[in-house]
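The values are calculated or read from the model by the stated rules, or taken from the named source; none is laboratory data. Just so we're clear, the structure is a prediction, and the values are computed from it rather than from any experiment. Ideal geometry is used to build each Cβ from the backbone, glycine not excepted, and the neighbour counts take in all protein chains shown. To get the accessible areas, we keep the full protein, side chains included, count just its heavy atoms, and leave off ligands, DNA and RNA. Shrake-Rupley method; radii C 1.70, N 1.55, O 1.52, S 1.80 Å.
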Amino acid sequence: MSKQYYVTTPIYYVNSVPHVGHALTMLACDVSKNYREMRGEKGYFLTGTDENGLKVKEAAEAAGEDPMVFVDRISQTFQVCADELNVDYDVFFRTTSEQHRKAVQRLFEVIRDKGYIYLDKYEGWYDVSAETFVRESELVDGKSPDGNEVRWVEEENWFFQLSAFGDRLLEKIAAEPEWLLPQGRQNEVVSFIKQGLRDICITRANPGWGIPVPGDDSKVIYVWFDALINYLAATGWPDGDWESLWPADVHWMAKEIFTRFHATLWPAMLMAADLPLPKTVIAHGWFVFGDSKMSKSKGNVIAPADLLTFFTDKAGCRADIAKDVARFTLVRALPYDGDTNYTWEEIGRIYNADLANDLGNALNRSLSMAHKFSAGVMPGDGVEASAVEAIEAARHRAERAMELLKLDEFAAAGIDLIRWLNKYIDDRAPWALAKNEDSSLGAVVASMLAVVANAAVLLHPVIPTTAAEILRQLGVGDVTEWERIGGDLVPAGTQLGSPEPIFPRLDKTVMEEMKPGAAVDQPNDKKDEKKPKAKGLPEPAAEIEFPDLMNIDFRVGRVIEAEPVEKSEKLMKLQVLVGTETRQILAGIKKKYSAEDLIGRQVIVVANLKPAKLMGMESQGMLLAADDADGEAILLQPDAEAPEGSRVH
Ligand code: MSP
């Protein structure tokens, strides 16, 4: 079989429960695999669990469970975490599997036969929590540099001659500048190696858990030496068609396990065994809260399931779309160089800005206007040059971002294309072109639809369900081939679907509640306390019940035509787009606004008001307005662009 694009997450320890930090790396793999598959390659994605460490055994004992029952249970929660976010891994690999045990023992033998593993006495400190050996000089107040308890260990053990590989590693890094990414962390690896690599102890006295050293059951293999081999073991090595996967194309992880393990120890082990090295090793930063890493003990953990509930319950997203929304907020916040403060406030901000205001709104506007101005059919006038260029530029930007595995930048390329479109719509103002019977209207509508379709395909690796939904609303089937970007995705004459909101906007009160330290439960005003009446203002209206308010259907609309009513001092006759419908509304705003002021403006419409006749003309609704200081009506409008037809509450 030809070589597949093989991408891996670290295998997760089973002494903790999955949170969005773990999910982030799963998504990084999923997105990079999806992209490669769009480009015609066959992807293979490994994730899994690291189950042989001493701390796993101790965690099982603390939970009063048999270690195997314990690891089965926790390992399952990582699979659930992947499923919750639609993460499509090909293998969930576990280090307690027979396949893994065989490969680890085999590689140990191969490296020992090549003379890089030798027996010696180990005397020193061991940090069980981080599963690492600690030098005396590294101790801080008797603890490891991470603040963990250390134990004194004195054992005869096997050592790996890591010190033999420093120069070869440095040569490899110099020869292939994109082997270790990003650049900043590569520099850290170089200085770490230059300080001098020391041989490492790779076995421990057998505690009754772990992989025994071949031919010596009194010892087990050190958990990091064991765990790193998972990437190779999962290919079936040394048997079968393992070369259809190996070498791995990308090992993804966060920064804490990059320098010492994935960028030095692992490649040195492979060099020792004369096996090919992974093509790219990349570490992203951490999700943090303020200055602390997300961790269960600090109580600042967000689980993927919390994100889903938030987007379905607070924002009102469909359950399958909520998965995409969670994926998007994670990828968009991916800490490429530094760390990201991934807080509820940030999650809400990304959702509202990128998805509700930009992507959702662009789809809604484009479809609504196509229904209004081209009878719900893709015009045959071709796409304007500026739109073709914007699509091409976004595609190039996304491709370059993927070469460097900058997934946050990849997502930004898609969203910025949508931002370009929203501005294009405002600039080209199709409603004004329609009013003036301008011949470019068809091309403008075609451009709007083409840009939305292309942005959806561009974002497919991140939000596959939403991309398919957008294309469905545009009246075409799903597109999963990257090379079709820039092509004719919505052919002329396509019957468009109706716009259906995908990302309801998160309301301001929810956003306020998410701010750190927000006072959520403000006491209500006492009912019987009469508010003093301001001078010159009308009497307060009689109290109503909440259902009375809910009976009024307030909607966002857009004025697409406006003309003054000649015989009236006050009235303007407006055509207002509300969803896919156009309403004729007569409004007493002539003194304050000209037709030009009004065309294109968003307004708030009372949409279920019984039609009335004014000066012989039907008015199908009313606009909300306030009185200015002179008593003239001034129109209310949403604080930011909202989809036409969306509810106001
Ligand atoms: N078992 C080892 C890895 C062995 S790989 C041969 C391990 N496991 S872990 O459960 O601690 O997982 C660490 C990884 O989880 C990180 O490298 C990263 O991929 C992910 N993350 C865990 N917490 C995270 C954040 N707060 N932020 C970003 N990534 C996080 O280390």
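So that you can scan it fast, the table gives a plain yes or no per residue for (1) of a type in the set (D, E, K, R); (2) away from the ligand (no atom under 12 Å from the Cβ); (3) touching a Lys or Arg at 6+ places or on another chain (Cβ under 7 Å):
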| site | (1), (2), (3) |
| --- | --- |
| Trp224 | no, no, no |
| Ala234 | no, no, no |
| Leu245 | no, yes, no |
| Phe258 | no, no, yes |
| Thr264 | no, yes, no |
| Val281 | no, no, no |
| Thr309 | no, yes, no |
| Ala333 | no, no, no |
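Hey, which of the strands (runs of 3 or more DSSP E) in region 200-312, taking only ones fully inside, have at least 1 residues that are open to solvent by 40 Å² or more (accessible area, probe 1.4 Å)?
Working: elements: 203-205, 216-221, 250-254, 280-284, 287-289.
Counting at least 1 such residues, we get 203-205, 216-221, 287-289.
Of all residues in region 19-59, exactly one satisfies the criterion of being of a type in the set (Lys, Arg) and buried (at least 24 other Cβ atoms within 10 Å of the Cβ), namely Lys33.
Here are Leu197, Leu169, Leu119: which of them is in a loop (DSSP other than H, G, I, E, B) and touching a residue at least 40 places away in the same chain (Cβ under 8 Å)? Talk me through it step by step, then tell me what you get.
Details: Leu169 fails: in a loop (DSSP other than H, G, I, E, B); Leu119 fails: in a loop (DSSP other than H, G, I, E, B).
None of the others qualify; the one that does is Leu197.
Got a sec? Which of Cys81, Cys29 is out of contact with any Phe, Trp or Tyr (no Cβ under 8 Å at 6 or more places or on another chain) and either at pLDDT 95 or above or assigned to a helix (DSSP H, G or I) (or both)? Can you show your working first?
Details: Cys29 fails: out of contact with any Phe, Trp or Tyr (no Cβ under 8 Å at 6 or more places or on another chain).
Step by step, each of Cys81, Cys29 is checked, and only Cys81 is out of contact with any Phe, Trp or Tyr (no Cβ under 8 Å at 6 or more places or on another chain) and either at pLDDT 95 or above or assigned to a helix (DSSP H, G or I) (or both).
Against the criterion of being more than 14 Å from the ligand (Cβ to nearest atom), closer than 30 Å to Val150 by Cα, among the basic types (Lys, Arg) and in a helix (DSSP H, G or I), Lys57 qualifies.
Please determine whether any residue of region 62-75 is outside any strand (DSSP E or B), more than 16 Å from the ligand (Cβ to nearest atom), basic (Lys, Arg) and open to solvent by 40 Å² or more (accessible area, probe 1.4 Å). No, region 62-75 contains no residue that is outside any strand (DSSP E or B), more than 16 Å from the ligand (Cβ to nearest atom), basic (Lys, Arg) and open to solvent by 40 Å² or more (accessible area, probe 1.4 Å).
Would you mind stating whether Glu566 is modelled with pLDDT of 85 or more, outside any strand (DSSP E or B) and acidic (Asp, Glu)?
yes
Pairs meeting the criteria (first residue in region 5-18 and closer than 14 Å to Ala254 by Cβ and open to solvent by less than 10 Å² (accessible area, probe 1.4 Å), second residue near the ligand (Cβ under 6 Å from one of its atoms) and of a type in the set (S, T, N, Q), beta carbons under 7 Å, at least 6 apart or on different chains) are Thr9/Thr25.
Pairs meeting the criteria (first residue in region 233-259 and farther than 14 Å from Phe45 by Cα, second residue basic (Lys, Arg) and open to solvent by 10 Å² or more (accessible area, probe 1.4 Å), beta carbons under 6 Å, at least 6 apart or on different chains) are Pro238/Arg106; Phe258/Arg185. Considering region 592-612, the residues that are under 15 Å from Leu571 (Cβ atoms) and at pLDDT 85 or above include one that is least open to solvent (accessible area, probe 1.4 Å), namely Tyr593.
Where helices (runs of 4 or more DSSP H) fall entirely within region 427-485, those with at least 1 residues that are outside the structural domain of Arg36 (by TED's automatic domain parsing) and among the hydroxyl-bearing types (Ser, Thr, Tyr) are at 441-458, 464-473. Per the listing Glu61, Glu84, the residue uniquely among the acidic types (Asp, Glu) and more than 30 Å from Ala467 (Cβ to Cβ) is Glu61.
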